[in-house]
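Below: one structure, written as structure tokens.
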Number of protein chains: 2
Amino acid sequence: MGVVANRIQTPGVGGVAALAEPDALSALVNLVGADLAACNRSIVARMDSPVALIPQLAAHIVAAGGKRLRPLLTLAAAQMCGYAGVRHVHLAACVEFIHTATLLHDDVVDESLLRRGLSSANAVFGNKASVLVGDFLFARAFQLMVEDGSLKVLGILSHAAATIAEGEVLQLVTQNDLSTSEQRYLDVVRGKTAALFAAACQVGAVVADRPSDEEMALAEYGTNLGMAFQLVDDALDYAADQLTLGKTVGDDFREGKITLPVLAAYQAGDAEAREFWVRTIEASSQTDADLDRAMLLMQRSGAICTTLARAARFADAAKGALSVFPDSPIRRALADVADYTVSRVS
Amino acid sequence: MGVVANRIQTPGVGGVAALAEPDALSALVNLVGADLAACNRSIVARMDSPVALIPQLAAHIVAAGGKRLRPLLTLAAAQMCGYAGVRHVHLAACVEFIHTATLLHDDVVDESLLRRGLSSANAVFGNKASVLVGDFLFARAFQLMVEDGSLKVLGILSHAAATIAEGEVLQLVTQNDLSTSEQRYLDVVRGKTAALFAAACQVGAVVADRPSDEEMALAEYGTNLGMAFQLVDDALDYAADQLTLGKTVGDDFREGKITLPVLAAYQAGDAEAREFWVRTIEASSQTDADLDRAMLLMQRSGAICTTLARAARFADAAKGALSVFPDSPIRRALADVADYTVSRVS
């Protein structure tokens, strides 16, 4: 399991990687353990439907485990804000439903064959069912929010849902286009990934009825954590070992997805390297040997290091945003999760 | 344009078809004209996004016109309830966004080539974009509802959205299965079509703050209207002229969709006819000549008449539900729309 960690040289920007806590996520899980168990029960109970295929398919992806990172953020943020009720448990389930819906729709879109190490719902159940069960989970998330009864929470999560869709469409528009700017790539990531991280965190402050500076600080933590998370994900697509990550290496490459590693490798490349990227990414003309060559070019050009360094800066910003909260075990755990996000290659 | 009307013998159950008003929809449009214009402006304004592909694709299906039947119902119901504000205009736009999102996702699902006489968004923009823009419109609908600020409306429409998805998944499960009961088929229709009709109508009473018997009466009107609408749609798939309806005849047949016409023709058929339906619908083995034969078997077995008679009974129930409201031009227009729904073959 340490293979990839050895293969990638994580950058030492701000000492982030050096401080990385391999089991930061476990520490967070331990701190919100009872809430997470309750959230998992809520998820299983509320994805039920008289139409049996819905819980069957949803279970394939929801109950298959996953890290539950987004609902964990809601639970942890609420705890850090001193919240003592149960609303955060159900809202964390909403966050996971929205995430799962986007995964199901992303599977249709991306034709990826592996997700979390299992064959994707799409591969098993087909495109139709994935789209429709995604729609069900999305609608169910809003039903849960209505039961919770906070228009503010509904506003935050409906805005996040619209922003996610915008990010996904923008990603589609930039596909195969090497002239995409880094700024535009970051806009895609901000939409498709960071928006839900931000909303998941912000909701924790809202249920605790905390002042707006704490709410905004949590949203900023979530945004930066989401950016770091996605950048590392994009780097791992050219570096991770399939067994380690449960994700197919080279998915992004095969789809001609424009990510920071690709932009960095293209910009740093010589004429021959650029020709390679134009052929494989822009013209979508790839042979079996091309992924290995892409990974080699990434290493040589420093594109992976560049991407991870950028991710580390976002992780630092995430940690910085936590400074409005007093020191506590949960704050330390959230800070460690930011480091973990950047170092989660082992 | 009268070709299909001549081809199909509409049944005289309850005199529904005989009373049919060909331009009942125009009458309704005239009564709520200013509100509909405002609703169309709201639709165009709120489907905008900095991601240009979103309004482009959405315009293809939203702004392409369509009958705007569902938002019309919200506007008319609100007017019948004496509502004098502007909330119904924006909520009617929400209803249309939810409808459009399901159309976009249904296009992905059904691979239908024509929708409202234009090539489908899916055929023009691809599956990916259709799924994601559908997601955007769905999220945007919830943002609009949050702006409206009524948790009750949010509850009604989020419940409808979940029910639509359940109906669509149930339809998927029954596909190619001739042992599907009529009851199960009706459950599919209740979910995929009637739920949004019901919600669209009910919302009109909610904004006008009317007592629950009026709210329930409007929901019942909408449910029955939606049932009638879908049954006629299912009949037209085996009878309509493509130019007349802007819908490809035979879509359902080619997909092996289980609809009442198919169930009725199968049940009324002799051994040879049953063999035909098993081969074409259950085994999905079809030749070019099979659609004509299917349409012939439908006519001979009386399956189209059976379906339209069933639709007429739903239309009658829809009209009956309006009896709690005093007579008025808008109530008469809504009653005529129920008749129009059954007779809209000319």
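The values are calculated or read from the model by the stated rules, or taken from the named source; none is laboratory data. Model, not experiment: these values are computed from the prediction. Reconstructed Cβ throughout: ideal geometry from the backbone, glycine too, with neighbour counts over all protein chains shown.
This table checks each residue for (1) modelled with pLDDT of 95 or more; (2) of a type in the set (Lys, Arg); (3) more than 19 Å from the chain's Cα centre (by Cα).
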| position | (1), (2), (3) |
| --- | --- |
| A:Tyr238 | no, no, no |
| A:Lys247 | no, yes, no |
| A:Phe253 | no, no, no |
| A:Ile258 | yes, no, no |
| A:Pro261 | yes, no, no |
| A:Ala264 | yes, no, yes |
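Check A:Ala205, A:Ala162, A:Ala195 and return the single one that is closer than 20 Å to A:Val232 by Cα, assigned to a helix (DSSP H, G or I) and of a type outside the set (Asp, Glu). First the steps, then the outcome.
On the way: A:Ala205 fails: closer than 20 Å to A:Val232 by Cα; A:Ala162 fails: closer than 20 Å to A:Val232 by Cα.
Result: A:Ala195 is the single residue among A:Ala205, A:Ala162, A:Ala195 that is closer than 20 Å to A:Val232 by Cα, assigned to a helix (DSSP H, G or I) and of a type outside the set (Asp, Glu).
Those residues that are of a type in the set (Val, Ile, Thr) and within 8 Å of chain A (Cβ to nearest Cβ), I need them from segment B:145-158; list them, please.
Answer for segment B:145-158, where residues must be of a type in the set (Val, Ile, Thr) and within 8 Å of chain A (Cβ to nearest Cβ): just B:Val146.
Is it the case that some residue within segment A:164-184 is among the polar types (S, T, N, Q), more than 10 Å from chain B (Cβ to nearest Cβ) and buried (at least 24 other Cβ atoms within 10 Å of the Cβ)?
No: zero hits.
A:Arg190 - would you say it is out of contact with any strand residue (DSSP E or B) (no Cβ under 6 Å at 6 or more places or on another chain), charged (D, E, K, R), at the interface with chain B (Cβ under 8 Å from one of its Cβ atoms) and in a helix (DSSP H, G or I)?
For A:Arg190, the condition - out of contact with any strand residue (DSSP E or B) (no Cβ under 6 Å at 6 or more places or on another chain), charged (D, E, K, R), at the interface with chain B (Cβ under 8 Å from one of its Cβ atoms) and in a helix (DSSP H, G or I) - is not met.
Tally up the residues in segment B:208-225 that are over 18 Å from B:His159 (Cα atoms) and crowded, with 24+ Cβ neighbours inside 10 Å, please.
1
If you check B:Leu308 against the conditions, is it under 18 Å from the mean Cα position of the chain (by Cα) and either closer than 25 Å to B:Thr74 by Cβ or not β-branched (Val, Ile, Thr) (or both)? Talk me through it step by step, then tell me what you get.
Numbers: under 18 Å from the mean Cα position of the chain (by Cα): yes; either closer than 25 Å to B:Thr74 by Cβ or not β-branched (Val, Ile, Thr) (or both): yes.
Against the criterion (under 18 Å from the mean Cα position of the chain (by Cα) and either closer than 25 Å to B:Thr74 by Cβ or not β-branched (Val, Ile, Thr) (or both)), B:Leu308 qualifies.
Would you point out which residue out of B:Leu69, B:Leu36 is in contact with a Pro (Cβ under 8 Å, 6 or more places away or on another chain) and closer than 25 Å to B:Ala198 by Cβ? It would help to see each step written out before you state the result.
Details: B:Leu69 fails: in contact with a Pro (Cβ under 8 Å, 6 or more places away or on another chain).
Being in contact with a Pro (Cβ under 8 Å, 6 or more places away or on another chain) and closer than 25 Å to B:Ala198 by Cβ holds for just one of B:Leu69, B:Leu36, which is B:Leu36.
Could you say which residue among B:Ala92, B:Ala123, B:Ala129 is at pLDDT 95 or above and either within 17 Å of B:Ala200 (Cβ to Cβ) or in a helix (DSSP H, G or I) (or both)?
Result: B:Ala92 is the single residue among B:Ala92, B:Ala123, B:Ala129 that is at pLDDT 95 or above and either within 17 Å of B:Ala200 (Cβ to Cβ) or in a helix (DSSP H, G or I) (or both).
Given (1) part of a helix (DSSP H, G or I); (2) more than 14 Å from chain A (Cβ to nearest Cβ), where does B:Tyr83 come up short, assuming only one miss?
Exception for B:Tyr83: condition (1).
For segment B:57-65, indicate whether the set of residues that are within 14 Å of chain A (Cβ to nearest Cβ), over 19 Å from the mean Cα position of the chain (by Cα) and buried (at least 19 other Cβ atoms within 10 Å of the Cβ) is non-empty.
Scanning segment B:57-65 turns up at least one residue that is within 14 Å of chain A (Cβ to nearest Cβ), over 19 Å from the mean Cα position of the chain (by Cα) and buried (at least 19 other Cβ atoms within 10 Å of the Cβ).
Looking at the structure I just gave you, is A:Ser49 buried (at least 18 other Cβ atoms within 10 Å of the Cβ) and not in a helix (DSSP H, G or I)?
Yes; evaluated as a whole, the condition is true for this residue.
For segment B:170-195, give me each residue that is of a type in the set (A, V, I, L, M), out of contact with any Gly (no Cβ under 8 Å at 6 or more places or on another chain) and modelled with pLDDT of 95 or more.
B:Leu178, B:Leu186
Test A:Asp107 against the criterion of being modelled with pLDDT under 90 and assigned to a helix (DSSP H, G or I), and give yes or no.
yes
Where the second residue is charged (D, E, K, R) and part of a helix (DSSP H, G or I) and the first is in contact (Cβ under 8 Å) with a residue 12 or more places away in the chain and more than 7 Å from chain B (Cβ to nearest Cβ) and lies in segment A:125-144, which pairs have Cβ atoms under 8 Å and are six or more apart or on separate chains?
Here the result reads A:Ser130/A:Asp107; A:Leu144/A:Arg46, each pair linking segment A:125-144 to a residue that is charged (D, E, K, R) and part of a helix (DSSP H, G or I).
Looking at segment B:227-243, is at least one residue β-branched (Val, Ile, Thr), within 14 Å of chain A (Cβ to nearest Cβ) and either under 22 Å from A:Ile54 (Cβ atoms) or crowded, with 21+ Cβ neighbours inside 10 Å (or both)?
Within segment B:227-243, none of the residues are β-branched (Val, Ile, Thr), within 14 Å of chain A (Cβ to nearest Cβ) and either under 22 Å from A:Ile54 (Cβ atoms) or crowded, with 21+ Cβ neighbours inside 10 Å (or both).
For segment B:278-285, state whether one or more residues are under 20 Å from B:Tyr185 (Cα atoms) and among the acidic types (Asp, Glu).
There is at least one residue in segment B:278-285 that is under 20 Å from B:Tyr185 (Cα atoms) and among the acidic types (Asp, Glu).
Restricting the search to segment A:47-89, which residues are over 12 Å from A:Gln202 (Cα atoms), touching a residue at least 24 places away in the same chain (Cβ under 8 Å), among the hydrophobic types (A, V, I, L, M, F, W, C) and touching a helix residue (DSSP H, G or I) at 6+ places or on another chain (Cβ under 7 Å)?
A:Met47, A:Leu53, A:Ile54, A:Leu57, A:Ala58, A:Ile61, A:Val62, A:Leu72, A:Val89
Those residues that are in contact with a Phe, Trp or Tyr (Cβ under 8 Å, 6 or more places away or on another chain) and surrounded by fewer than 22 Cβ atoms within 10 Å (Cβ to Cβ), I need them from segment A:323-346; list them, please.
Of everything in segment A:323-346, just one residue is in contact with a Phe, Trp or Tyr (Cβ under 8 Å, 6 or more places away or on another chain) and surrounded by fewer than 22 Cβ atoms within 10 Å (Cβ to Cβ), namely A:Arg331.
Just to confirm my filter: which helices (runs of 4 or more DSSP H) fall fully inside segment A:227-346 and include at least 2 residues that are over 24 Å from B:Lys128 (Cα atoms) and in contact (Cβ under 8 Å) with a residue 40 or more places away in the chain?
Details: elements: A:242-245, A:251-255, A:260-268, A:271-277, A:290-301, A:303-321, A:329-343.
By residue number, A:242-245, A:260-268, A:290-301, A:303-321, A:329-343.
Given the conditions (1) crowded, with 19+ Cβ neighbours inside 10 Å; (2) in contact with a Lys or Arg (Cβ under 9 Å, 6 or more places away or on another chain), report the number of the one that B:Gly82 does not fulfil.
Exception for B:Gly82: condition (1).
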